Amino acid sequence: MPIQIVRNDITKMNCDAIVNAANNSLLGGGGVDGAIHRAAGEKLLAECKKLGGCRTGEAKITKAYKLPCKYIIHTVGPVWHGGAYGEEELLISCYRNSLMLAEKYKCKSVAFPLISAGAYGYPKEHALQIAVTEICKFLMKNDITVYIVVFDKDCFQISKRLIHDITEYIDERYVEEHYNERTRRLMNYPFGGQELTEPISLSDAVGQIDESFSQMLIRKIDEKGMTDAQCYKKANVDRKLFSKIKNNVLYKPKKTTAVAFAVALELPFGELKDMLSKAGFSLTHSNKFDIIIEYFVKKGEYDIFKINEALFEFDQPLLGI
Ligand code: AR6
């Protein structure tokens, strides 16, 4: 099952478990810890007192009391001291140990805050990268849904350089498209007549009839030597949805799903557009989502989580799911 990145207050998450970025005492504090204790009520503190604290990198579980979830997994992230004091390994352990506990308690959905990325000072971008990497590794072997909950947009800053590059890319293409649109309109309506629709070539039309999205997907998975699971996991799509697509030759996925598969298959831009057309979609320069996809694919960058970070930053729908 996939990772979902959501902007929310973690105490509002209605899933099996939420993770708390606690301190060694487990007796509450500020940030997300304070919010969780306040929302869960005093009984949480009473249970925490019996746990005897928690070492950095480890995790302990309690009931959730007044919260909508069933469990709270308390983990203690490292304090950032510059990176040379084993911070990364400790943060990795937080994710691994929390996920292991979630599995042990048969949780089907877990929500994480960005551990250590607040009061403990871990650089946010790096903290997010570790979260995504560790959660992905876990999801390769386990069928659960994991949410990364970010509180505000600042928690989720992709590198300034990347934002700059994408913004520039969008700006250039918006201009190009609007110019072309204007020119096309002028050419198509010289006397105020109706716009001419661009004819689709016969071979394209036949191609679209010959092979459906579902068939192309299965063919490409075979050609790439991937297993089905490798492909849908890489696409951040869950097994049930993949089965639906596979078993229904005429299934029409959402655009975000269709793009996710094309990205997981690492299709070059032309083939990606071809695959999208099988699901009835195209990419244009008149919306940011399309331009961002084009930006990454043309650069040969197929990491879906990186693409999703950028889509998130630009308030666009995310791939997969
Ligand atoms: N929901 C989701 N995310 C939140 C929320 C919320 N309600 N509140 C804050 N965040 P922090 P740490 C984000 O400081 O760095 C406590 O005092 C926040 O924006 O809560 O691991 C403990 O007792 C940030 O991105 O945890 C410890 O002493 C992330 O959650 C210490 O802070 C983590 O920020 C732990 O520090």
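The values are calculated or read from the model by the stated rules, or taken from the named source; none is laboratory data. These numbers come from a predicted model, not from an experiment. No Cβ is skipped: glycine too gets one built from the backbone with ideal geometry, and neighbour counts run over all protein chains shown. Note: areas computed on protein heavy atoms with side chains; ligands, DNA, RNA excluded. Shrake-Rupley method; radii C 1.70, N 1.55, O 1.52, S 1.80 Å.
Once the Cβ-Cβ distance between Ala119 and Leu45 is put in as r, and R0 is 30 Å, what FRET efficiency do you end up with, to the nearest 0.05?
Details: r = 19 Å, r/R0 = 0.63.
Efficiency, from the Cβ-Cβ distance: 0.95.
Tell me the Rg and the Dmax, in Å, that the Cα atoms of the stretch 238-321 produce.
Here Rg and the maximum Cα pair distance are 12.3, 35 Å.
Just subtract the alpha-carbon distance of Glu88 and Phe314 from 0.36 nm times their residue separation and send over the number in nm, one decimal. Walk me through the numbers on the way to the answer.
Values: separation 226, 0.36 × 226 = 81.36 nm, distance 2.83 nm.
Separation in residues times 0.36 nm, less the Cα-Cα distance, equals 78.5 nm.
When ranked by the protection proxy of mean other Cβ atoms within 10 Å per residue, highest first, what sequence do the peptides 229-238, 283-292 form? Provide the component values of the computation, followed by the final result.
Numbers: 229-238: 20.9, 283-292: 17.6.
Ranking, from highest mean packing down: 229-238, 283-292.
Going by a ≥ b ≥ c, the root eigenvalues of the Cα gyration tensor, does the stretch 55-149 fall in the rounded group (a/c under 1.5), the prolate group (a/b larger than b/c) or the oblate group? Mind showing how you got there, number by number?
Numbers: a/c = 1.90, a/b = 1.49, b/c = 1.27.
The shape class here is prolate.
Testing the spin-label approximation: label points 7 Å from Cα along Cα→Cβ at Asp9 and Glu223. State their distance in nm.
Taking the two extended label points, one gets 5.0 nm.
With each pseudo-label sitting 7 Å past Cα toward Cβ, what's the Glu168-Arg38 distance in nm, one decimal?
4.3 nm
I want to check the label-to-label distance for Lys70 and Asp210. Put each point 7 Å from Cα in the C-beta direction and report it in nm to one decimal.
About 5.0 nm, to one decimal.
Say the dipole of the stretch 3-155 comes from +1 at the beta carbon of Lys and Arg and -1 at that of Asp and Glu; which of Asn20, Met140, Cys69 then lies farthest toward its positive end?
Cys69
First compute the accessible area of the stretch 1-71 with a 1.4 Å probe, then give the percent of it belonging to carbon and sulfur atoms.
Details: 1710 of 3460 Å².
Answer for the stretch 1-71: carbon and sulfur cover 49 percent of the accessible area.
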